[in-house]
1. Amide H neighbours of residue 191 under 5 Å, counting only residues 5+ apart in sequence or on other chains, H built in-plane at 1.01 Å?
2. Which FRET efficiency value, to the nearest 0.05, is calculated for residue 14 and residue 60 with the Förster distance at 22 angstrom and r the Cβ-Cβ distance?
3. Please list, in chain and number order, the residues 5+ apart from residue 144 or on another chain whose amide H is under 5 Å from its amide H, with Hs placed from the backbone.
4. With 10 angstrom as the radius, rank 305, 195, 148 by how many other C-beta atoms surround their C-beta, starting from the fewest.
5. Given the options 286, 73, 50, which has the most mean-square fluctuation in a GNM of the chain, springs set between C-alpha atoms less than 10 angstrom apart?
6. If I model segment 176-364 as equal point scatterers sitting on the Cα atoms and use the Debye formula, what is log10 I(q)/I(0) at q = 0.15 Å⁻¹?
7. So for the pair residue 146, residue 53, with labels modelled 7 Å out along Cα→Cβ, what separation do we get in nm?
8. Apply the Karplus parameterisation 6.51 cos²θ - 1.76 cosθ + 1.60, with θ equal to phi minus 60°, to every residue of segment 230-246 and state each ³J(HN,Hα) to the nearest whole Hz, in sequence, with x for glycine and proline.
Amino acid sequence: MQKGVKFRIYPNKEQKNLINQTLGCCRLIYNKGLAMRNEAYQNGNKIGYSQTSAMLTELKKSDGFTFLKAADSIALQQSLRDLDRGFVNFFQKRAAHPTFKSKHSHHQSYRTINQEDNIRIAGRYLKLPKLGFVKIRQSMEVGKINNVTIEHTPAGKYFAVLNVEFEPQPRVNNGGCIGIDVGIKEFYSDSSGNVVPNPKYLEKSMCKLIREQRKLSRKQKGSNNRNKQRVKAALVHEKITNQRNDFLQKQSTMLIRENQTICIEDLNVKGMVRNHKLAQHIVSASWSKFFDMLLYKSDWYGNDVVKVPTMYPSSQTCSCCGYQNSLVKNLVVRVWECPDCHAVHNRDSNSSINILRKGLQMQSA
């Protein structure tokens, strides 16, 4: 199997200049390839990767673009492959039409392929094409490296995302079955009665974020002070992202270790964020990312993740007698009593029990 491993790198001044130059060259080639394909489409023609690749070859030979030879040639070709993949996704209705890349974007990246062991880790250094040996902060051992993506973040840091091959080791779990109902106040409630509170990292850092953003808005555009303040605001965003990602990784790993079958609700998160009153809290909770972690970790270790249909009335159904109470449809109702069996239910805990039952029913069908 393959997975991505992200390490921070510490290039020297010369290597930083070369990385930034490569980012600019990849952006230039991507935009020229996109303009070429758009023009061909307007004229009623179709062109693909081979035509744009030939354009790159001719561009390198021209006098005004000799600087392209200093960049990693594989990275330039990879930017055209990414463009071709973008059009494939567009025509198959999986993504929007590719757009031009801007040099004003503060998050830039390029990808290069490992050929003849030109990308490898040697001690505290990572060898990269054209860059040579770059100092790296390695937090885990890695297997065979297939490709690497070099990222320059808005906070001014550089990262290497390695696509590596690995063999998942069989992991013995407790063999349990659990149903999970995610929420905003509590991150999730499970069918065993456990409740994991929502850490709300974004909400806790909101005052500091607002303060830094206000300072940024007062700086003169294009000044060095504005760029320094932009980095400070980006660092706050980065810390929130790291805190959230660490929390999601730990929770998903714990569930995979303790349970063989995990039943979740197939939520339409994109539709839910259209509610402007709850959008910020839903995005902050990152339910989609949490579910994605459960899915790929279940593939690694042989667990089962069952998605219960969105329209299944898990919150309205009594987990004791099966009576469906339509009055519970309102989100304000957190605790309710069943009119039939008079059992008192917590909305989220009751929903998680119903999700587990429905998931096991779907699994056995």
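1. 179
2. 0.45
3. The list, which skips near neighbours in sequence, is 165.
4. 195, 305, 148
5. The residue with the greatest mean-square fluctuation here is 50.
6. Ignoring solvent entirely, the Cα scatterers give -0.92.
7. 1.9 nm
8. 4, 5, 4, 5, 5, 5, 5, 4, 5, 5, 4, 4, 5, 4, 5, 5, 5
FYI, it's all coordinate maths here, none of it is from the lab. The structure displayed is predicted, hence computed values, not measured ones. We place every Cβ from the backbone using ideal geometry, glycine too, and count neighbours over all the protein chains shown.
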